[in-house]
Amino acid sequence: MRVHQSVENYDHKEHLSVLTIGTFDGVHIGHQKIIERLNQIKSQDFERSMILTFYPHPRMVLDQSNDIKMLTTMEEKIYLLEKFGLDDLIIEPFTKEFSRLSALDFVRNILINQLNIKKLVIGYDHHFGKNREGNFEQLSEYGELYDYSVEEISAQEIESVSVSSTKIRKAIENGDMEKANKYLGYNYLLTGKIITGQGIGRKINFPTVNLHIAEDYKLIPNKGVYIVKANFNDKSNFGIMNIGFRPTVGGKGQTIEIHLLDFKDDLYGSSMQIEVLMRLRDEKKFESIEELATQISKDEESARNWLMKIK
């Protein structure tokens, strides 16, 4: 899959292309239905399959709120979309100026002049252009004018999987990772760099790595202890992760700490992708470091038992 950092950088205008448009936050099983249909159409009559998405997310620009949380960073979105055999991902910078494009200007300037599409696949109730004035009917009308066709994925097809980004966010905020992962069609991801911590875990024989996520818009699961799978340096390792404020040791800010099972190498500076599998318990303040170590030992045993069952 080729990634283009704006429609202006797309350089395959001579090909017959089928396109879908959307933010695709989470790339969940509803989105996957649209992508599967896109690939089916491409295999029949077209040379390239494309997704046009936007960064930042339009809500971040138009709502002007720091409270908006996304299921995927752009890095994660690219990683997930690469699995579907698409030819092109076009990431158009979303600005207030771009949001003012009328529906007609969007079709003419972006879809036709820049991308030269021949077929468009959209989800039901898709809106676009200034004030979301554009819809399926307008796309179809413009299609007759600019020589492209439009296919709408029906509400029944999308709703048959009973999923939405809102449902997934609520599940993650509640720590219900098994429900969230079912809706996503994969394990929820946290991606970041390993940074130095206080080294308290090593002192009690449970060394941890601290994950720093640069994107402040990324949705972090609810505080607590989780079973995870960590991917790093072309390796994978299971572990237990604590998200919270470390009340037992007087923590002042939220951290994400992972204790990798049967692993002791130094990973400082490495990139790490965490798959969040399930939640074990709430974060808790213990009376002593020794009591904390005893609980971590129990958490590790619970994690190993759960992992044995799913294997």
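List of remarks:
- Cα gyration tensor shape of segment 175-310, rounded if a/c is under 1.5, else prolate or oblate by comparing a/b with b/c: rounded
- The alpha carbon convex hull volume per residue for segment 2-159 rounds to 110 Å³.
- I68/N131 FRET efficiency (R0 22 Å; Cβ-Cβ; nearest 0.05): 0.70
- A straight Cα-to-Cα reach below 16 Å connects K264 with the lysines K203, K229, K235, residues fewer than 8 places away in its own chain not being considered.
- Stretching the chain fully between D265 and H15 yields a gain of 85.1 nm (0.36 nm per residue, less the alpha carbon separation).
- Arranged from fewest to most other beta-carbon atoms within 10 Å of their beta carbon, H12, H126 become H12, H126.
- Integer Hz, Karplus 6.51/-1.76/1.60 couplings in order for segment 99-106, x for Gly and Pro: 5, 8, 4, 5, 4, 5, 4, 4
- Among K13, K33, K252, the largest mean-square fluctuation in a Gaussian network model of the chain, built with springs joining Cα atoms closer than 10 Å, belongs to K252.
- In the chain, the DSSP beta bridges split such that about 60 percent are antiparallel, to the nearest 5.
- Those aspartates and glutamates that a straight Cα-Cα span of less than 19 Å connects to K77, excepting residues fewer than 8 apart in one chain: D25, E36, D87, D88, E92, E215, D216, E275
- Taking the charge dipole of the chain about its Cα centre, with +1 at Lys and Arg Cβ atoms and -1 at Asp and Glu Cβ atoms, the residue from L62, M74, L16 reaching farthest to the positive side is M74.
- Evaluated at q = 0.06, 0.10, 0.11, 0.14 Å⁻¹, a Debye calculation over the C-alpha positions of the chain (equal weights, vacuum) places log10 I(q)/I(0) at -0.25, -0.64, -0.75, -1.05.
- Each Lys and Arg contributes +1 and each Asp and Glu -1, all at the Cβ; summed about the Cα centre of segment 2-159, the dipole is approximately 240 debye.
- Distance violations [Cα-Cα > 31 Å] among K119/K193; K69/K311; K83/K118; K33/K130; K285/K309; K69/K284: K119/K193; K69/K311
None of the figures in this text is laboratory data; all of them are computed from the coordinates on show. This one's a predicted model, so the numbers in the text were calculated from it and none came from an experiment. Because the Cβ atoms are built from the backbone with ideal geometry, glycine has one as well, and the counts that use them run over all protein chains shown.
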